[in-house]
Each structure stands twice: as C-alpha cells, then as structure tokens.
Amino acid sequence: NAIAHKRIPMINLTVGLFLEQLIPMDGEEPPSTLDKLEGTECLSNLLFPENGSATVELLDVTTLKGLWNGIKRTHDESSMQISIAGSEGTNNKILADNCRTLVSRLALALEMLPDKSLWDAFISEPLLKQKKQIDMSPSRSRLNIAYMACLTASGGPRTLRFCLGVGLESLLDFLSENLEDTEDAAAATHGIGAFFSSCTVAINRGRKEGVVFHPHPLEQYATKASKVLLDAVEHKELSSAIKVGATRALEFLVLAVSEEHLEEELLSRLCSFIETLSESITQQSPGDESDWIDACSSTLGSMLGNAVDQETSDASKTVLASPAIQELVKEVITPKLLEAAESISLGSGASKKAIAMACTLSETYSSKTITALLEALQKSLEGGIIDDSCIQCSDALSYVLRNGGDYPSRAYHDSPASSTVLNSLGGGRIRYSVNAEKMANLSLPTEESKGDADAARSKVQLVLSNLLPAYENNVPVMTLVQLNRTVADVLPPMSEADKSTLSITLPILGSALSSIDEFPTIDDVDMDTDQSSLQEVCIGMLPGLTEFVMTEDNDIETRSSAAYCMHAMLSLGNLSMQECPVKPVVDDLVKRFTSAKFDHDASTDWLNFLSLMASSAARRGGSSSNTAGKIAQFLVELAVKGKAQLPFTSDEEKQLDLSSVDYEKVASKLRFVSASAYGSMLALDVKPLMKQRLTHTCLKYIKEAYEEEKSQAQAGNSIPPPNVGLMVLICHLICNVDLSKMDKMVLHQTAAITVEGLSSSELFDPSTAFDPKNTTSKNLVLVAILKLLSVAPHSVPVNGFLLTLVTGLLQAYAVSDPSSEVSTKLLALQGLAALTNLEGARSAVATIQPAVVAVLGPAVNHPSGMLRQAAVDVRNAWYLVEQTR
C-alpha cells in the first residue's frame, strides 16, 4: 500500500522495519543468517518491484543513511563468516553478494535522480569516512576496499569515478609513500588490483549498453599506478606477498588502460615485466615460492590470451595492443613457454598452466598453440620411435586439452596434423628402438624382440591416453564418421597392422561416443547419399566387435576398448528402431558360450561382457528394460545358487551350473564375478523404475537366506555364513541403494546376513579364501557394514549378533596384510569406532571392551601414520566406553 499510494513516511517506516531484521534493536536476539537473507530480499523487492518503477526517490536522507549502515554492517559480518564450513558459510556468501548487489543498484538508481543530495547522503559522505580508514591502514580496511570496488563495478558512472578518486587514489598514495615489506603494503597492492578489475567490468558493461566513458576513468591514474606497481615488482627485498599483489594489479592495469595513457619508458618497463614473468616460469628453481610461480603463470596466461585477441579485435585497444608487446608475445614469450612445456624441466608445469590459461581466453591463441604442439608431436613420430621428448610433448598437449576450456579441443579437430598423428601411431609403425628393425626379417621373434614390441605398444598407449581428452567433448560429426568407418574397414582384423589400428581407434571412438547423447543423423553431415548412415554402420559393426571382444588371442586392453565402444553405441537413444538393439548381441553371446568348452578365464570375461551389455540396456530403458531384467535375474541366480538358466533360453541344457566345476575356489570366484557384475548394474545412474526393478531382483533371495538362518537358529544348529555370491550381492545392494527407502523388515534381514558374512572363511581367512589377494571383496563387506552402522544403525541387530560383529571386524583387521591392505584395516577400525555409538549396545560393548583395547594396542606402532592415528582414536573411544557406562 505504501508503494501504491506514494506515502513517503510509510515507505521510510517500512524500510526501517526491514532494517531491524538485519540490525536488531538493543536487547533483541541477533537474527540468523536466513533471517538476514530474507531481510535483504524484502528490501530489494520493496525498492525495486518487478512490476513497477523503483521507489528510491521516495526515501529521505535519514532512511538512506540507515540503509547504508545496515547493508554495510550486514555485508561486513557475513563476509567474515564465509569461511565457516557447511551451509552456514554458503548462506553467508550469498548474503554478502546480496548486500553488494543491493547497494550497487541503489547507487545507480540514485545517480539517475535530479536531486543529487540523496546520492551524496548515500554514497559520498559514507565513502569519505571510509577513505580515512584506508589512509590509516589498508590491511584493516579490506572489507571497505571490497565494498568500494563493488560499487566501482556496478554503481554507475558517477559512483565509479568517485570511488576511484576516494579509494584507488588513497591506495596509490599509501603504496608510493610506504613501499615496505608490511601487511599494509600487500593489502594496498591487492586493493589496487581490485579497483582496476572493477573498472574494467564497468567499462565493458557500458560498452555493451552503448555507453562510452570519456575521458577514460583510469586515464589520470595509469601513469602513477604503473610506476608504483612496477617499483614493487622490481624491488628485490620485498616479500612475495607484495610482489604477487603487484603482479595481479598490473595484470588488470594492462587490460584496462590504453597505450596512449602511458609513456614510452613505462611501456618498455612493462615489456621487461612480462619477460620477467616468463623467466620466472621457464627458469624456475626449487627455492621459488609456489604463490609467486602461480601468480606468474596465471598473470602471464591472461596477458598472452588477451594480447593475441587484441591484434584481431575491433574493440578498443589496451596496452597489450602495442607493437612492442605484440612482437614480444609472438617472437619470445610463446616459443619459450612451448619449449619449457615440452621439456622435463622444473618449469614445465607452470608453463603448461600459463598456456592453458591463455587458451581459455583466446580461440586464436588456442588454434596456434594446439597446431604447434601437434606439429611438434608429428615431427617426433616421423622416425617411428617414441622417445622422452615425444611423451613430454603429448603430456603438454593433454594438459592444455584438459585445462584450456573448449577452444583447444576445437582447434585440435580443425588441425590436419591430428589425423596425421593418429596414422603415425596406428598400423604398427612405431618401433621401440633402432634395433627393433631386426623384427622385419623372416626369422621367428626372439624374447628380446617381443620385449621391444611390448615396450613400443606401451609407449603408444601412453601417447594415446594423452590425446583422449580431445575426444571427450566437441567432437565434429565428420570425425565420428571417419572413426566409425576406420573401425568397420578393419573388422575382423586380418593382420597385425589392422590390430594396431584398432588399438588406436577403438579407445578414441569409445570416448567420442560417450560424449554424445544421440547419434547424429545423415542430415547432420555433408555426405553422399549412397553412403550408409552412422546408425547403420554401428549396427553392422556389432557382430565384428563381439567377435573381437570374445577372441582371447587379441590384446586385453584393445578388447576392453571394443567392449566400451559397444556399450557407448548401445546406450545411444537413437541407435536403432528395433525393439531392443541389445538383445541380438546377448543372443550372440549366449550362442558363443554354449558352443564353447568351459574355461574359467573365458567365463569371467563372458560374464563381465554380458553385464556391460545389460548396463547398456538398463541405460536405454523402455523396450530394453526387459533385456536388462533378464540378465540381472541370471546374474543373481548364478551368484546365489551357483546355477542359472542362460538369458532368453528355455532349454534345460542351456544352463550355467557351477557345481560341475572341478575346483570349489573357481566356482566361488565365478559367483563373485557374477555378483560384481550385478553390482555394476546397480551402480548405474538410471531411471528410478529401472533402479527399483534391478533392486527387487535379489530381494527374494535375501528373504530365503534369512529364513534359512532363522530356522537353523531355532533348531539350535550353528548358522553357516552366506556363500560368497550372496554376500557380495547383498553388499552391492547396500552400497548402491537409498537405505531410507527400503522396507524396515527387508533392511533388517539384509543387515543380519551381512553381519554373519563377517565370519566367512571364503572372504577373510587367507588359508581358505577363494582369492587371498582379492581385497575388493573384503573391503566391500566392510564398507557395507560401515554404511549400515552410519546410515541405518537401527537395522543392525544387536542381541546375539554383537559378538559376531566385533569379532568379525577384529579378524578383518588382524588378518589383512599390514603393507598392502591398509585400506582394509582402516575400514575395520571405522566399523569398530561406529559400534561405540550404536544405540542399545553400550552395555554389551563395555563387556568386551578390554579385549578390543588389547587387540588394538600393537597398532600404535604401525608404519602408516594414518593407520596409527586411526587406531589410537578407536582405542581411546573403546577405552572411554567403560568410563561412561
């Protein structure tokens, strides 16, 4: 109503009420951060309503002064509490941002009013008071400087110039008179950088809105600022804190002022400063401080990226557009950085960081840099030998691709050298050494030549892994076409050269396919109409890829890449119009399995491949859900019962029966593999209904196992631990589902079986375990126990099970290898610690407390510092149980 009727007193009273929500009256309870957030939002909605004009002109001078004090105090309090962990720190950051936004909007709105006294009351008078504080001690005025810099960026032209005159000039005067190694000097350098950065933001925003600042707001400060900042950087006795601040400030200065604002002498000193940054990076020594090197890298990278764009940009030019700096960047700085990045010197990492920073800012710089790195890599591969320089060059390329934004990957695909490099890596062209030429003769390969070949393949894979980031996003359609056709043309591989081509192309194709949601259609690419669509090419490749994956003679890493490609293809939503494109692949796998002689390793590979295809079906959903469900049912039955009907078969002869396996440990391992394959399906990020379907597949087996345990207990018989398959199955279920959504009875049954699993000799007894070196199964059980104790402690049975639980955790801790299974010991210790807080178990825990404390005693001498500390903490927690009983 106050807004609608323009009642000035009511508006001011309303503002006062909202301000009390920020700054309460004496004796009142301090408001929470959420209360303050609500207060700032109410003030913003009142003064700047969405469906009306701003009501700022209705405020009086007294209210405006109260607004300034309230917003400023709230800003300062919230800024000091941003470092608090959790939601409180996040809310304080939002509150500080809201305060800066609100005060900037008010300043801009007041500038537009004909009555300038309101702006003076809200901006001029308070800032003049803050100037006195800045003059005395910049380090104690950091919040004032930040507040003033925000007004510089968003408060309007008049506010901008006033803030520069009050804040920036004060800091420049202070630094020029007190260039000493003090905290105030360091704060002054950072504050100067903040003003230059804010001014650049304001100028760029104004340019977009058609506003030109004349004269340039920084014209009168450019010379003085350049001199004092360069003096600080060139001063040999100042600390790195001051030099870092001055370096950052100079970065923002050269991005804000133009060449005409600086004298020739200062331009020459700036060129020397840029060279100093480059030398600090490329000639880095072990004693250099990391903060200084990081500042040099980011500052130089920013200057390089902006300097290259200045050459071709039509926008207003800055100092970086001067001919001297342009020549320096092209002829000196960039070549030195590339040389250092491709080396194994100490400055390699900082050089890569500077190059990546420049690439994030400039598409032109990215194009030139990526082309240079690719051409260097291409040249080093011409001899057919991958040496250290070749690997370092690929490392530099990989770093830029991963950390340089989107521009580098686009530049990579636009460069003809990228395909040349891949061709050089593939086709068996790479040799390990000059002596490997002897392999070309017709004699049988020797052990030495085999070793050379393996080493060559290893280095090829190392270079290839550095190229993969280019195929994780922004992959052109034509590149996808070429990769698919390259694979299709050599399937099945008829020579070692074909296999080498697949070893290069398949990992790249897998990464490229995983980066898209749907396959591009024939209309998305410039292709002849008689050529097959990408979908048809992929469907045609599936049998050949299946054959390649299931052929044990092929390289294991290449087989894995082929399986990953199939998974990526089958996961694409528009791959095929069939009811389920995964089912033909599964039928083919079943046919191959039934026609082959049983082999442990082959069966393991088959189960893993089958689960990968099931994962593709689960991700597709819809008509493919039935395929995923059938395979999940098969995997669960095999894991629990050791016998299951093969998917999509009805013939009783087509079953996988592990009872026919000669060795019990082999059968247990296949149960473990089957349960793990099911667990990989549960871990997928799929639709809720698909997740629910996969979860319910194993619930009936959990109920059956629990009822069996219960009947054995009632008959007075000892309860045998669950078999490996059921145990691993249940643990994957616990780790991959939301326990709060599970039925309480089912959760209780699941927890009871899991606790019994701690006594499984197949998992925890090294002398009888199905795979003593397999720490995954042990860790999985301990993680499941830990999740139950932490997330759903009410589900963990205490009566009759506590001794089993404690004994099992202690045994897991004791039998695990002290050097290679530290993770297992840490998980067991976390479980023991959680038991001390288990509701309803403290009295029982206190009974066995002496034994636990005694067992954990020797752990304080373990070589691992982390394990020692954890053991001490757990031992203390158990020791205190008796004291607080």
Checklist line | Single residue of the stretch 25-44 satisfying the filter (charged (D, E, K, R) and within 18 Å of SER79 (Cβ to Cβ)) that is least open to solvent (accessible area, probe 1.4 Å) | finding: LYS36
Next item on the list: Could you grab the pairs with beta carbons closer than 7 Å, sequence gap of 6+ or different chains, first residue in the stretch 471-493 and farther than 16 Å from MET569 by Cβ and open to solvent by less than 20 Å² (accessible area, probe 1.4 Å), second one of a type in the set (Lys, Arg) and in a loop (DSSP other than H, G, I, E, B)?
Entry: none
Notebook entry, point to check: Which pairs have Cβ atoms under 9 Å, sit 6 or more apart or on different chains, and link a residue in the stretch 27-47 that is part of a loop (DSSP other than H, G, I, E, B) to one that is of a type in the set (A, V, I, L, M)?
Noted result: PRO31/LEU22; PRO31/ILE23
Next item on the list: For the stretch 48-58, name all the residues that are free of Cβ contacts under 8 Å to residues at least 12 places away in the same chain and either closer than 20 Å to PRO114 by Cβ or in a helix (DSSP H, G or I) (or both).
Entry: SER53
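The rows are residues; the columns are (1) open to solvent by 20 Å² or more (accessible area, probe 1.4 Å); (2) at pLDDT below 95; (3) assigned to a helix (DSSP H, G or I).
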position	(1), (2), (3)
GLU265	yes, yes, yes
SER272	yes, no, yes
LEU300	no, no, yes
VAL308	no, yes, yes
Note to self: Checking the conditions here, which among GLY716, GLY725 is on the phi > 0 side of the Ramachandran plot and either assigned to a helix (DSSP H, G or I) or open to solvent by 10 Å² or more (accessible area, probe 1.4 Å) (or both)?
What the structure shows: GLY716
Next item on the list: Considering each of LEU880, LEU809 in turn, give the residue that is at pLDDT 75 or above, part of a helix (DSSP H, G or I) and loosely packed, with under 14 Cβ neighbours inside 10 Å.
Entry: LEU880
Margin query: Is it the case, given these coordinates, that LYS450 is part of a helix (DSSP H, G or I) and modelled with pLDDT under 75?
Written below: yes
Margin query: Quick check on my filter: what residues within the stretch 68-84 are exposed (fewer than 15 other Cβ atoms within 10 Å of the Cβ), among the polar types (S, T, N, Q) and within 22 Å of GLU125 (Cβ to Cβ)?
Written below: ASN69
Next item on the list: Please specify each residue of the stretch 819-846 satisfying the condition of being surrounded by 14 or more Cβ atoms within 10 Å (Cβ to Cβ) and either of a type outside the set (A, V, I, L, M) or not in a helix (DSSP H, G or I) (or both).
Entry: GLU821, SER823, THR824, LYS825, GLN830, GLY831, THR836, ASN837, LEU838, ALA841, ARG842
Item checked: Restricting the stretch 85-137 to residues that are more than 39 Å from the chain's Cα centre (by Cα), part of a loop (DSSP other than H, G, I, E, B) and of a type outside the set (D, E, K, R), the residue that is surrounded by the fewest Cβ atoms within 10 Å (Cβ to Cβ) -> PRO114
Note to self: Among the listed residues ALA249, ALA232, identify the single one that is under 24 Å from CYS296 (Cβ atoms), more than 34 Å from the chain's Cα centre (by Cα) and either in a helix (DSSP H, G or I) or in contact (Cβ under 8 Å) with a residue 12 or more places away in the chain (or both).
What the structure shows: ALA232
Next item on the list: Determine if the stretch 405-427 includes at least one residue that is in contact with a Gly (Cβ under 6 Å, 6 or more places away or on another chain) and either open to solvent by 60 Å² or more (accessible area, probe 1.4 Å) or of a type in the set (Gly, Ala, Ser) (or both).
Entry: no
Next item on the list: Output the number of residues of the stretch 375-403 satisfying the condition of being farther than 26 Å from CYS296 by Cα and modelled with pLDDT of 95 or more.
Entry: 0
Margin query: If I ask for residues that are open to solvent by 60 Å² or more (accessible area, probe 1.4 Å) and either acidic (Asp, Glu) or assigned to a helix (DSSP H, G or I) (or both), which ones from the stretch 634-676 would you list?
Written below: LYS641, ASP651, GLU652, GLU653, SER659, SER660, ASP662, GLU664, LYS665, LYS669
Check: Only one residue in LYS330, LYS368, LYS336, LYS352 is buried (at least 24 other Cβ atoms within 10 Å of the Cβ) and out of contact with any Leu (no Cβ under 8 Å at 6 or more places or on another chain). Which one?
Finding: LYS352
Margin query: For the list (1) under 20 Å from PHE672 (Cβ atoms); (2) within 35 Å of the chain's Cα centre (by Cα), I need the number of the one condition that LEU638 fails.
Written below: (2)
Next item on the list: Within the stretch 598-630, work out how many residues are of a type in the set (Asp, Glu), modelled with pLDDT under 85 and part of a helix (DSSP H, G or I).
Entry: 1
Notebook entry, point to check: What number of residues within the stretch 203-222 satisfy the criterion of being closer than 14 Å to THR318 by Cα and open to solvent by 40 Å² or more (accessible area, probe 1.4 Å)?
Noted result: 3
Check: Taking ILE730 and the conditions (1) open to solvent by 30 Å² or more (accessible area, probe 1.4 Å); (2) part of a helix (DSSP H, G or I), which numbered condition does it fall short on, given that it satisfies the others?
Finding: (1)
Notebook entry, point to check: Does the stretch 165-182 contain any residue that is open to solvent by 60 Å² or more (accessible area, probe 1.4 Å), outside any helix (DSSP H, G or I) and either over 27 Å from LEU277 (Cβ atoms) or touching a Pro at 6+ places or on another chain (Cβ under 8 Å) (or both)?
Noted result: no
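The values are calculated or read from the model by the stated rules, or taken from the named source; none is laboratory data. What you see is a predicted model, and the numbers here were worked out from it, not measured in a lab. Here the Cβ is made from the backbone with ideal geometry for all residues, glycine too, and neighbour counts use every protein chain on show. Each accessible area value is taken on the protein alone, full model and side chains, heavy atoms only, with ligands, DNA and RNA left out. Shrake-Rupley method; radii C 1.70, N 1.55, O 1.52, S 1.80 Å.
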